[in-house]
Amino acid sequence: MIEIYKTLADAEAASGPGEQRVLDENIKRDVVRLDDFQEHAWVNLINPTEEELQRVSSKLDIEMDFLRAALDEEERARIESENGQTFIIVDTPVIETEERAITYSTVPLGIILVKHYIVTICLRGNSILEDFSGGVVKSFLTQYRTRFVLQILYRNSTRFLQYLKHIDKLSNKFEMALHRSMRNKELIQMLKLERSLVYFTTSLRSNEGVLEKLNRLGCMKKYPEDVDLLEDVIIENKQAIEMANIYSNILSGTMDAFASLISNNLNIVMKVLTSVTIVLAIPTMVSSFFGMNVVIPVEGPFSFVIVVGLSLALCGIAAFILWKKKMFR
């Protein structure tokens, strides 16, 4: 699917060539969806077909390799510049549902800067880009491509932080449920959260390399405000990396603790069952002795009572010894 947007700002004509005046927060902006390509527009591709890729490539003169690279789920985050085109690919967080359970993962998001256009491409609908197209983000203009790219990267970092907080809340919820009852459902959920944190940590470190390279290279024209925004993006990304590491260590430690508890509970159960088995084996042993076809020393009308009493006495002695050794606790 191809979506084409352009922002229109009041007093834009009177703002003059200075970017700072146009980006004034007091200026009202409208995001307009277009039917065809226009200069200074934003082209958003969502799981495009081969025909749509060919159309965008020929119309905007974009390298086809750039367009296809963003559609590879295993593509690593990187930045390239070739033939006057700048290609940025970063990992973005997404929420997935598996068997009525929420999990988190990442997908590549491609950003291509060509003359008078900015192109974004992703395998699925991206909530970050939907904030821009839906008018949630007010302080952006498609005409200023560098600022727009940095705003996308900034919201991407903040979205990682938001999802990390969700993961922390879910892990606390499952931990409380495990305190009440050791069930496989909560353990599996925590394992999925631990896997999500591994995805997040790997993706954030890859994004960090892209941001550092973007800060060093001069392939994108940056105004002083853009430099400050890029520094904010780098700071937010570093904070997300630290949070992901902290939550991953906490969750890993929690899982190890619960694994030890489960193993300890199993040992306790086996110890109790073994003790009960030993006590119950004594009457069987005594009765088997007296059930043999031999002369027994307690023949008479009370022989059965004597055998039962002897068995109970031996069971009591064995149970007392095992209890003293804390085999029932």
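The values are calculated or read from the model by the stated rules, or taken from the named source; none is laboratory data. Being a predicted model, the structure only gives us computed values, none of them experimental. As a convention, Cβ positions derive from the backbone with ideal geometry for all residues, glycine included, and neighbour counts pool all protein chains shown.
When you check THR254 against the structure, is it closer than 30 Å to LEU161 by Cβ and either among the polar types (S, T, N, Q) or at pLDDT 80 or above (or both), yes or no? Against the criterion (closer than 30 Å to LEU161 by Cβ and either among the polar types (S, T, N, Q) or at pLDDT 80 or above (or both)), THR254 qualifies.
Cβ-Cβ distances below 7 Å connect the following pairs, each with a first residue in the stretch 300-329 that is in contact (Cβ under 8 Å) with a residue 24 or more places away in the chain, a second residue that is part of a helix (DSSP H, G or I) and among the hydroxyl-bearing types (Ser, Thr, Tyr), and a separation of six or more residues or different chains: SER311/SER287; LEU322/SER275; MET327/SER275; PHE328/SER275.
For beta carbons closer than 8 Å, sequence separation of 6+ or different chains, a first residue in the stretch 90-116 that is in contact (Cβ under 8 Å) with a residue 40 or more places away in the chain and a second that is acidic (Asp, Glu) and assigned to a strand (DSSP E or B), the qualifying pairs are ILE102/GLU96; THR103/GLU96; TYR104/GLU96; SER105/GLU96; THR106/ASP91; LEU109/ASP91.
ASN265 meets the conditions (1) of a type in the set (S, T, N, Q); (2) in contact (Cβ under 8 Å) with a residue 24 or more places away in the chain; (3) surrounded by 13 or more Cβ atoms within 10 Å (Cβ to Cβ) in every case but one. The failed one is (3). Name the residue, out of LEU153, LEU141, that is of a type outside the set (Gly, Ala, Ser), touching a helix residue (DSSP H, G or I) at 6+ places or on another chain (Cβ under 7 Å), buried (at least 19 other Cβ atoms within 10 Å of the Cβ) and modelled with pLDDT under 90. Among LEU153, LEU141, only LEU141 is of a type outside the set (Gly, Ala, Ser), touching a helix residue (DSSP H, G or I) at 6+ places or on another chain (Cβ under 7 Å), buried (at least 19 other Cβ atoms within 10 Å of the Cβ) and modelled with pLDDT under 90. Hey, can you tell me all the residues within the stretch 172-203 that are among the aliphatic types (A, V, I, L, M) and either over 14 Å from THR103 (Cα atoms) or not assigned by TED's automatic domain parsing to the domain that holds SER157 (or both)? Residues satisfying the conditions are MET176, ALA177, LEU178, MET182. Counting only strands (runs of 3 or more DSSP E) that fall entirely inside the stretch 39-128 and contain at least 3 residues that are β-branched (Val, Ile, Thr), the qualifying elements are 85-98, 101-114, 117-122.
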